[in-house]
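The values are calculated or read from the model by the stated rules, or taken from the named source; none is laboratory data. Keep in mind the model is a prediction, meaning the values are calculated, not measured. Because the Cβ atoms are built from the backbone with ideal geometry, glycine has one as well, and the counts that use them run over all protein chains shown.
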Amino acid sequence: MKRAYDSPAAGDGTRILVDRLWPRGLRKEDAAIDHWLKDIAPSTDLRKWFAHDPARWQAFRQRYTDEIHQHPEQLDELRACARSGRITLVFAAHDEAHNNAVVLREVLLGRVGSGPASA
């Protein structure tokens, strides 16, 4: 995982932007993004509700995990990229501990639920 505003490095491997919006003020040539997976990013409603409020972190993690599993094609694409070599999940948030890339990484590593929560 790496912030979009940090300089790309040779060791990053395939750089995948996992935000719905392009990072403000960042030129595409400077970002060195290989893939931009907008559809696996949090929905606009969820992103606005969360507003990077650490007090909402646990609820955001659960809601976003449920959303991720609604996009199996993108999740499979990420897993395929990871199997073929190193990937870096690129995100724009200032808070490096409470953002969608953290949750997505947990899902990819199998550290959170494997599908939507049952009702």
Out of (1) modelled with pLDDT of 95 or more; (2) over 14 Å from the mean Cα position of the chain (by Cα), what's the single condition that is false for Ala31? (1)
Name the one entry in Arg105, Arg83, Arg47, Arg24 that is over 26 Å from Ala9 (Cα atoms) and charged (D, E, K, R). Arg47
Tally, over region 4-25, of residues that are under 11 Å from the mean Cα position of the chain (by Cα) and either surrounded by fewer than 17 Cβ atoms within 10 Å (Cβ to Cβ) or β-branched (Val, Ile, Thr) (or both): 2
Within region 59-85, the residues that are touching an Asp or Glu at 6+ places or on another chain (Cβ under 7 Å) and not in a helix (DSSP H, G or I) are His71
Any residue at all in region 107-117 that is of a type in the set (A, V, I, L, M, F, W, C), touching a residue at least 60 places away in the same chain (Cβ under 8 Å) and surrounded by 14 or more Cβ atoms within 10 Å (Cβ to Cβ)? no
Which of the residues that make up region 9-40 are touching a Lys or Arg at 6+ places or on another chain (Cβ under 7 Å) and of a type in the set (Asp, Glu)? Asp12, Asp34
Specify the residue that is farthest from the chain's Cα centre (by Cα); the eligible residues are those in region 48-57 that are without any contact (Cβ under 8 Å) to a residue 12 or more places away in the chain and in a loop (DSSP other than H, G, I, E, B). Asp53
Kindly indicate whether His94 is in contact (Cβ under 8 Å) with a residue 24 or more places away in the chain, surrounded by fewer than 17 Cβ atoms within 10 Å (Cβ to Cβ) and not in a helix (DSSP H, G or I). yes
Those residues of region 3-25 which are hydrophobic (A, V, I, L, M, F, W, C) and assigned to a loop (DSSP other than H, G, I, E, B) amount to Ala4, Ala9, Val18, Leu21, Trp22
Regarding region 26-47, can at least one residue be identified that is in contact with an Asp or Glu (Cβ under 7 Å, 6 or more places away or on another chain), assigned to a helix (DSSP H, G or I), surrounded by 15 or more Cβ atoms within 10 Å (Cβ to Cβ) and of a type outside the set (Ser, Thr, Tyr)? yes
